[in-house]
Amino acid sequence: MEHIQRHPARVARAPSRLLDGLQRWLPKLVVAPTFVLVGIGVYAFMLWTGVLSFTSSSFLPVYDFVGLDQYAKLMNNDRWLTASANLGIFGGLFILSCLVIGVLLAIFLDQKIRQEGAIRTIYLYPMALSMIVTGTVWKWILNPGLGLEKLVHDWGWTSFSFDWLVNSDMAIYTIVIAAVWQASGFVMALFLAGLRGVDPAIIRAARVDGASLPLIYRKIILPSLRPVFFSAIMVLSHIAIKSFDLVMAMTAGGPGYSTDLPAVFMYANTFTRGQMGLGSASAMLMLGAFLALLVPYLYSELREKRHD
């Protein structure tokens, strides 16, 4: 009789265990396909690219390993050296300009001005556009025969000249202008969120002590936003290193190779010149450049959290 009374309780607990197990495993089952796709589509192909960089692959992959020959060829390739120098100019100016403009815009909007929502939307709108659209529009604007120079000539200032887009010495700066126009609003949004997270009591206390608002931002608020600075630099560095579509839309790497960047070099050698091994080596160096920025940042963040 006692056995018969216990049996219904066991039957009732069985569905409960089943539901508990389903609730525990369902989130993992839902995200599992995403992890598999990311693992194959990103990390597996990244590893495969690394393997190809040590081979003599041309139009098709081959697996006759040649050691560091492709990297040696890369270091002696004038076009790669030019692309690397262009990346230094483009990346440095792009990151610095976006940070300065983004911080100033964020401080401006942090003053609780009227129509803040509309102004913030206007600043953020360029980020919603693709790089292809941005490059095409700026190509029209900076084209001496169609854009800004022609407009000023039509107004009567025929001596005005702005031919940077077709000037091999200045063309790289047109890429900087277009990229800054698109990304500075995103940096503004990052810093505005950081500024809104600062305790207003700190600002009030500093004002009571006689500190001016510019001094408060420079000495107190902005130094406290160091994680935002690092995050912005990481995102902007990633954009700079992988910049391809903006360059192709505006200049296609020209005039000559004056606006060539490593991403353009990698694409040209891998898919149009039949030098897959050399293109893979350039891709791995691009990855290494980004990791050289990312790893020290992650190390410093993890060390700070460990000490906390």
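The values are calculated or read from the model by the stated rules, or taken from the named source; none is laboratory data. Predicted model, so just to flag it, every value in this text is computed and none were measured. Cβ coordinates were reconstructed from backbone atoms using ideal geometry, including for glycine residues, and neighbour counts include every protein chain displayed. When the accessible area is computed, the model is the full protein with side chains, heavy atoms only, and any ligands, DNA or RNA have been set aside. Shrake-Rupley method; radii C 1.70, N 1.55, O 1.52, S 1.80 Å.
Of the helices (runs of 4 or more DSSP H) lying entirely inside the stretch 218-293, the ones with 2 or more residues being open to solvent by less than 10 Å² (accessible area, probe 1.4 Å) and within 30 Å of Phe65 (Cβ to Cβ) are found at 262-267.
Looking across the stretch 179-198, just one residue is open to solvent by 60 Å² or more (accessible area, probe 1.4 Å) and in a loop (DSSP other than H, G, I, E, B), and that is Gly197. Do you know which residues across the stretch 150-198 are among the acidic types (Asp, Glu) and under 31 Å from the mean Cα position of the chain (by Cα)? Once the filter is applied, which keeps residues that are among the acidic types (Asp, Glu) and under 31 Å from the mean Cα position of the chain (by Cα), the stretch 150-198 yields Asp163, Asp169.
I need the full set of residues from the stretch 131-162 which are assigned to a loop (DSSP other than H, G, I, E, B) and open to solvent by 60 Å² or more (accessible area, probe 1.4 Å), in order please. Matches in the stretch 131-162: Leu146, Trp155, Trp157, Thr158, Ser159, Phe160, Ser161. Annotation for the stretch 225-238: at least one member residue is within 30 Å of Leu60 (Cα to Cα) and either at pLDDT 85 or above or within 20 Å of the chain's Cα centre (by Cα) (or both). In the stretch 199-213, of all residues being part of a helix (DSSP H, G or I) and farther than 15 Å from Ser224 by Cβ, the one that is nearest to the chain's Cα centre (by Cα) corresponds to Leu213.
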